[in-house]
């Protein structure tokens, strides 16, 4: 079903980088300079994909607004990057853990050590996706530097079969995975300094795209006001201090007043901001926030 074994040498991710052909003969400074020069090209490769990233972001946002969740799936470095991005969404944006989920070939054990063979099984990808509760209202981002990982292809095929939103992040052009999904994203940073080691430039490109997708989606869902993380949950001293400073920045009040507002609002930064800006009670602020679907700017514009 999946032609993923032959012609590996044609993949950009498997080609040799001529600038690093004598890497083992270089001084530490010189080899690091070569790596840094190669890394500088990654952001340019991602920039070329912004229209595609935007299209995927819009589709994912629509899915989440309709009650769906965002799923990342991958193997090896790609899987770990997806799990990392998913894990960072609840503390950063105050969303439930199930809203953004990461699925890794080989499960939790594979996060810490390589689990050989699992990535070659498309059936495992499909079954892991099904077992996670993935449904037609959800959005899938399949992550595979080569665009040919059977585990990811199996999951993408299952998601497409049930007509869910399907996206992909690859670091080659016109891969099997890209052709399978609705919203392919293809940053191509070029051959790795260490031939075939996609944890390097391909991994960096993937992380940049994931940062962009999750941040933009959460912003569109109302978890950001200006450039402030207004849905942060003050669950420890550091986050409590951050919550107070966010209220300060958004409203111009003193730190002491921000502390008072945080307490009066039921520990909700968004409610506190609306209370101060509209000079209203917590109950009225909560009503406005609900009417605006959590978006502070829209809530402030309401009567």
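Just to be sure before I move on: is residue 199 modelled with pLDDT under 95 and outside any strand (DSSP E or B) in the structure I sent? So residue 199 fits the description; yes.
Among the residues of region 207-227, none is identified as over 9 Å from the mean Cα position of the chain (by Cα) and closer than 14 Å to residue 186 by Cα. In the set (1) closer than 30 Å to residue 72 by Cα; (2) part of a loop (DSSP other than H, G, I, E, B); (3) outside the structural domain of residue 80 (by TED's automatic domain parsing); (4) more than 23 Å from the chain's Cα centre (by Cα), residue 191 fails one condition alone, (3).
Would you confirm whether any residue within region 92-106 is in contact with a helix residue (DSSP H, G or I) (Cβ under 8 Å, 6 or more places away or on another chain) and on the phi > 0 side of the Ramachandran plot? Reasoning before the result, please.
Quick first cut of region 92-106, residues in contact with a helix residue (DSSP H, G or I) (Cβ under 8 Å, 6 or more places away or on another chain) only: 92-93, 95-97, 99-106.
So of that shortlist, the ones also on the phi > 0 side of the Ramachandran plot come out as 106.
The answer is yes, given that some residue of region 92-106 is in contact with a helix residue (DSSP H, G or I) (Cβ under 8 Å, 6 or more places away or on another chain) and on the phi > 0 side of the Ramachandran plot.
Residue check: is residue 85 assigned to a loop (DSSP other than H, G, I, E, B) and either farther than 25 Å from residue 215 by Cα or touching a strand residue (DSSP E or B) at 6+ places or on another chain (Cβ under 7 Å) (or both)? When the stated conditions are applied, residue 85 does not pass them. Looking for something buried (at least 20 other Cβ atoms within 10 Å of the Cβ), more than 30 Å from residue 176 (Cβ to Cβ), at pLDDT 95 or above and in contact with a strand residue (DSSP E or B) (Cβ under 7 Å, 6 or more places away or on another chain) - is there at least one such residue anywhere in region 274-295? Checked region 274-295: no residue is buried (at least 20 other Cβ atoms within 10 Å of the Cβ), more than 30 Å from residue 176 (Cβ to Cβ), at pLDDT 95 or above and in contact with a strand residue (DSSP E or B) (Cβ under 7 Å, 6 or more places away or on another chain).
There is at least one residue in region 254-277 that is free of Cβ contacts under 8 Å to residues at least 60 places away in the same chain, more than 22 Å from residue 95 (Cα to Cα) and outside any helix (DSSP H, G or I). Within region 96-109, is even one residue under 15 Å from the mean Cα position of the chain (by Cα), closer than 28 Å to residue 234 by Cα and either in contact (Cβ under 8 Å) with a residue 60 or more places away in the chain or not assigned by TED's automatic domain parsing to the domain that holds residue 185 (or both)? Yes, region 96-109 contains a residue that is under 15 Å from the mean Cα position of the chain (by Cα), closer than 28 Å to residue 234 by Cα and either in contact (Cβ under 8 Å) with a residue 60 or more places away in the chain or not assigned by TED's automatic domain parsing to the domain that holds residue 185 (or both). For region 103-120, filtered to residues that are assigned to a helix (DSSP H, G or I) and exposed (fewer than 14 other Cβ atoms within 10 Å of the Cβ), the residue that is modelled with the lowest pLDDT is 112.
Here's the yes/no breakdown for (1) under 29 Å from residue 108 (Cα atoms); (2) at pLDDT below 90; (3) touching a helix residue (DSSP H, G or I) at 6+ places or on another chain (Cβ under 7 Å); (4) in the same structural domain as residue 183 (by TED's automatic domain parsing):
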residue	(1), (2), (3), (4)
20	no, yes, yes, yes
29	no, no, no, yes
35	no, no, no, yes
45	no, no, yes, yes
51	no, no, no, yes
64	yes, no, yes, yes
68	yes, no, no, yes
74	yes, no, yes, yes
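Considered as a group, the residues in region 162-178 that are in contact with a helix residue (DSSP H, G or I) (Cβ under 9 Å, 6 or more places away or on another chain) and in a helix (DSSP H, G or I) include one that is farthest from residue 131 (Cα to Cα), and that residue is 176.
The values are calculated or read from the model by the stated rules, or taken from the named source; none is laboratory data. Being a predicted model, the structure only gives us computed values, none of them experimental. Using ideal geometry, Cβ is built from the backbone for each residue, glycine included, and neighbour counts are taken over all protein chains shown.
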